[in-house]
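As structure tokens, the structure follows; a few thoughts come after it.
The values are calculated or read from the model by the stated rules, or taken from the named source; none is laboratory data. Here the structure is a predicted model, which is why all the values come from computation and not from measurement. Note that each Cβ is placed from the backbone with ideal geometry, even for glycine, and that neighbours are counted across all protein chains shown.
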Amino acid sequence: MAAPPPLLPCSGERCRVWRLVVVAFVVFVAAAMDTAAASMYDDVEVVWGSDHSFFYMDGEADTLALCLDETHGSGFRSKDAYLYARFDIDMMLVANNSAGTVTTLYLMPEDVPWEYHDEVDLEFLGNVTGEPYTLHTNIFANGVGGREQQFRLWFDPTCDFHTYSIVWNPKHIIILVDGVPIRDYRNEAARGAAFPTWQKMRVHGSLWNADDWATQGGSVKTDWSAAPFYAYYRRLRVTPCAPSPGVAWCGDEPPESPRFKQEMDAAALRKAREEHLLYDYCADTKRFKDTGLPIECTPPIS
């Protein structure tokens, strides 16, 4: 596996192998000596493609690099699982011709039958050089997905790290980019819509090949002559949901509680969606012409 490019904005050059080996070794020794310090190394575990991933130090932050080549990709998960929390992580995506590749950040439980599982997906769909990335989001509840929304990122996510966040509480699932809310999936269980409420979930990330659908509907395939591809993750921060005083846990907040009404800037959400939303399943009347829009897509009857 070739060495990854250095973390310099769009340099396109490659690090020397010996330097990466030394840096990775230093990170490993430091982690072994100071297990009390929270870090990517401490908080996550590589669950597949261990030969296509490594930790190294980038300034003061230890970073996990995931690699994809023609043989396979790689992925990780958090060591802990959570029921309601805010998840923030810094990512830098595959540079140059990333067509066919998918870099992911998602929440998913363990040991739950697929037909009942919950999931919150952020999938960054690669593209040919010079074209912007698409962020594909989806939410599964009780085994049912199909809640896709897509956004065009308003910056180059390959030149520097940007922060991607998922806020999950009993009232909302909010997705933010650099602190800007772009999606708010509300809990409409009272009207019959499914919402993740009972499965603890881990944070996952991966880099894999999906050129059968990822770029322009699969019409643009992965250029393996440009491999290996790299995506970078650092500074995972998990803030478990804190209940109001006198409440046992967030799931017990009374319906009238204002606890979760101040989680985002509504004006910023509207502006981001007006400027960057590419696809919204709630606006796809052709797709749902026989069944009508899903319950969560329709305003409640006053």
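Here are the numbers:
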| quantity | calculated |
| --- | --- |
| Residue identified as assigned to a loop (DSSP other than H, G, I, E, B) and either of a type in the set (Phe, Trp, Tyr) or surrounded by fewer than 20 Cβ atoms within 10 Å (Cβ to Cβ) (or both) among Glu110, Glu115, Glu45 | Glu110 |
| First in the range 139-156 and over 12 Å from Val120 (Cα atoms) and of a type in the set (Lys, Arg), second anywhere and modelled with pLDDT of 95 or more and crowded, with 21+ Cβ neighbours inside 10 Å, Cβ under 8 Å, 6 or more apart | Arg152/Leu135 |
| Filtered residue count, the range 110-143, keeping only those that are touching a Ser or Thr at 6+ places or on another chain (Cβ under 9 Å) and polar (S, T, N, Q) | 3 |
| Filter pass, Ser244 being small (Gly, Ala, Ser) and touching a helix residue (DSSP H, G or I) at 6+ places or on another chain (Cβ under 9 Å) | yes |
| Any chance Phe195 is without any contact (Cβ under 8 Å) to a residue 12 or more places away in the chain, closer than 17 Å to Asn138 by Cβ and out of contact with any His (no Cβ under 6 Å at 6 or more places or on another chain) | no |
| Residues located in the range 166-181, provided they are surrounded by 21 or more Cβ atoms within 10 Å (Cβ to Cβ) and either without any contact (Cβ under 8 Å) to a residue 12 or more places away in the chain or under 15 Å from the mean Cα position of the chain (by Cα) (or both) | Ile166, Val167, Trp168, Ile173, Ile174, Ile175, Leu176, Val177, Pro181 |
| Residues satisfying the stated conditions in the range 140-166, i.e. farther than 27 Å from Glu253 by Cβ and assigned to a loop (DSSP other than H, G, I, E, B) | Gly146, Glu148, Leu153, Trp154, Phe155, Asp156, Pro157, Thr158, Cys159, Asp160, Phe161 |
| Restricting the range 283-302 to residues that are touching a residue at least 60 places away in the same chain (Cβ under 8 Å) and not β-branched (Val, Ile, Thr), the residue that is nearest to Phe155 (Cα to Cα) | Glu296 |
| Selection from the range 118-132 of residues that are buried (at least 20 other Cβ atoms within 10 Å of the Cβ) and in a loop (DSSP other than H, G, I, E, B) | Asp118, Gly126, Asn127 |
| Tally, over the range 238-269, of residues that are in a loop (DSSP other than H, G, I, E, B) and surrounded by 11 or more Cβ atoms within 10 Å (Cβ to Cβ) | 13 |
| Given (1) modelled with pLDDT under 95; (2) surrounded by 18 or more Cβ atoms within 10 Å (Cβ to Cβ), index of the condition Ala272 fails | (1) |
| Flag if Thr137 is surrounded by fewer than 17 Cβ atoms within 10 Å (Cβ to Cβ), assigned to a strand (DSSP E or B) and of a type outside the set (D, E, K, R) | no |
| Filter result for Tyr230 (more than 30 Å from Lys261 (Cβ to Cβ), touching a strand residue (DSSP E or B) at 6+ places or on another chain (Cβ under 6 Å) and of a type outside the set (S, T, N, Q)) | yes |
| Test set (1) within 30 Å of Ser50 (Cβ to Cβ); (2) in a loop (DSSP other than H, G, I, E, B); (3) of a type in the set (Lys, Arg) - Lys286 fails condition number | (1) |
| First in the range 221-241 and of a type outside the set (Phe, Trp, Tyr), second anywhere and assigned to a strand (DSSP E or B) and modelled with pLDDT under 95, Cβ under 6 Å, 6 or more apart | Arg234/Ala61; Arg235/Ala61 |
| Residues located in the range 170-204, provided they are more than 20 Å from Tyr281 (Cβ to Cβ) and out of contact with any strand residue (DSSP E or B) (no Cβ under 8 Å at 6 or more places or on another chain) | Pro170, Val180, Ala190, Thr197, Trp198, Gln199 |
| Sole exception among (1) polar (S, T, N, Q); (2) within 28 Å of Met92 (Cα to Cα); (3) buried (at least 17 other Cβ atoms within 10 Å of the Cβ) for Gln216, by number | (3) |
